[in-house]
1. Using only the heavy atoms of the protein chains and a 1.4 Å probe, how would Arg165, Arg146 rank by accessible area, largest first?
2. Mean residue ellipticity at 222 nm from the helices of the chain, using -39,500 (n - 2.57) per DSSP H segment of n ≥ 4 over the full residue count, to the nearest 500 deg cm²/dmol?
3. Accessible area per residue for the chain in Å², computed with a 1.4 Å probe and the full protein assembly in place, what is it?
4. Tell me, what is the 1.4 Å probe accessible area of Tyr424, in Å² to the nearest 10?
5. Please list, in order, the residues from the range 160-181 whose amide nitrogen is less than 18 Å from a point placed 7 Å along the Cα→Cβ vector of Ser145.
6. Quick query: amide H of Tyr225 versus all other amide H atoms, modeled in the peptide plane; which residues come in under 5 Å with a sequence gap of 5 or more or a different chain?
7. Output the antiparallel fraction of DSSP beta bridges having both residues in the chain, as a percent to the nearest 5.
8. In degrees from 0 to 90, rounded to the nearest 10, what is the angle of the helix 158-168 Cα long axis to the longest principal axis of the chain?
Amino acid sequence: MVRKSQALDPKLVLAQGQSIDLVVANPSERDTEELVIAVVGPIGSGVSTCSEIIAESLRRDYAYTSGDVIKVSNLIAGNAAKVGMEHDVSDQATRVESLQKIGSELRRAYGPTTVIDLAIAEISSKRPVQAASANSDGLSPPPVSRRHFTIIDSIKNPEEFDRLRSVYKDMIWMIGVFAPEDVRKRRLESKFHRSEDVIRAMRIDENEGIDSGQRVSDAMERADYFIRNDTFSLTRPTRAIGRFLDVIFGTELITPTVDESSMYAAATAAARSACLSRQVGAVIVNKHGEVIGTGTNDVPAYGGGLYSSGDGDDRCHNWGGICYNDKKKDELATETASSLNKAKLLVNGKLRETTKSVRSSRIKGLIEFSRAVHAEMEAIISVARSGASGLIGSTLYSTTYPCHGCARHIVAAGISRVVYVEPYPKSLALELHHDAISTDEAHALNKVIFVQYEGAAPKNMLKLFYGRGNRKSGGKLNLPLRRFAHPARTEALDDFAAREKMAVGSLARLAEV
């Protein structure tokens, strides 16, 4: 017979006589609506403009009554003295170059996340907490839920976003803003005046070539949502940002665009790749939005198609475990240096140093010796294998910008548009085929259009567009009002140990008997 104890002991008896204190609270009610939005984009893409548009919309439409836009450039300038430097603002070009150098030196001297840690410190310094008296365990007061946003303008390398993700978990969103190179050049030339200053600033911004430097092209790959800002009007980015916010808050019934669903299919194809260098996926979609071809970068198999997991898998990881493209490039560098040595063209016969130098030259960018068929080529070949029609005038979606080898096949195949996510600096597609390829979507005539992808990152497709809850009430569409809507991803205010105690606290009634 079970009976209640005469005096309530707020402990639950566990195995072997153990007990645990009960904290009565509901962990699901300890999520916060707070948002941290990091914006990344190459110089001249309009990162600051987009940051302000997001902030204004959150204040005006979503009732985020408090919020901040943190300009990382101000934090860098404010800490220039820590690395013995000064922020030179004599003109716009000098100002940008000065910030780039100071930021890189801060990261080199104090760690790769130093700059973004300054932004985190800014957020932390303004965070309200409950009164200490409300907390009886003697620990630090818990944070308070709030409808508050912070926009970080802007991050410059992937380590900075990884740091933000490690701190803010699902509270953080990263927006990638981009524009074609020629558009960015025109924007910057109106401020910098000298074209050489523009080219230098863009080169350093994209990839400075040092670990502590700026690597915006690498950071862009981490984005949760991509916005194309390729005009000189605010209409396009404003519309794209409005859609982004409606999607993450679920305030409109929005389904994926053809671009989004097609890029998701390309990303799914990329997951099948076992290439040791990078995973790439591609799909070809006809004029009706139907997928007619799919490709992955991987080793071809006899009979058509590619190897896959299972018996007879002769891909590189099972065929010596080495990248044969890298192996052949090393052999080429060694052979070149040896030839120079035999011809007595080396100073003091420095064979080892010469070999190293040759390896680090443009030879390292060669892609000719890979065993893998490139994803874009395999997508085109798959259309031929299946006998499908619709290749002429179709769109190819690739997770990575096509190499120049794929580019010439894309042109020859009659594909009219290419959409990609990740940049690929090794590609000479535009340089070698500017007569047939253009990045100017508005004005190109009789050319294949190459454009960067806009929309939700493939990794977020299911989270944003599937399983968001009941869309109707009483047989009618029922969506939350913007000022009351919750983000698709929220983060708990408490650590997992505290949430664990709250969950156990639901057993309080059991402790009474």
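The values are calculated or read from the model by the stated rules, or taken from the named source; none is laboratory data. Remember, predicted model here, so these are calculated numbers, not experimental data. Backbone-built Cβ (ideal geometry, glycine too); neighbour counts: all protein chains shown. With ligands, DNA and RNA removed, areas are computed over all heavy atoms of the protein, side chains included. Shrake-Rupley method; radii C 1.70, N 1.55, O 1.52, S 1.80 Å.
1. Output order, biggest surface exposure first: Arg165, Arg146.
2. -11500 deg cm²/dmol
3. 53 Å²
4. Taking all protein chains as shown, Tyr424 has close to 40 Å².
5. Within reach of a label on Ser145: 169-172.
6. Under 5 Å from the amide H of Tyr225: Met174, Gly176, Ala457.
7. Details: 21 of 52 bridges.
Bridges in the chain that DSSP calls antiparallel: roughly 40 percent.
8. Between helix and principal axis, roughly 10 degrees.
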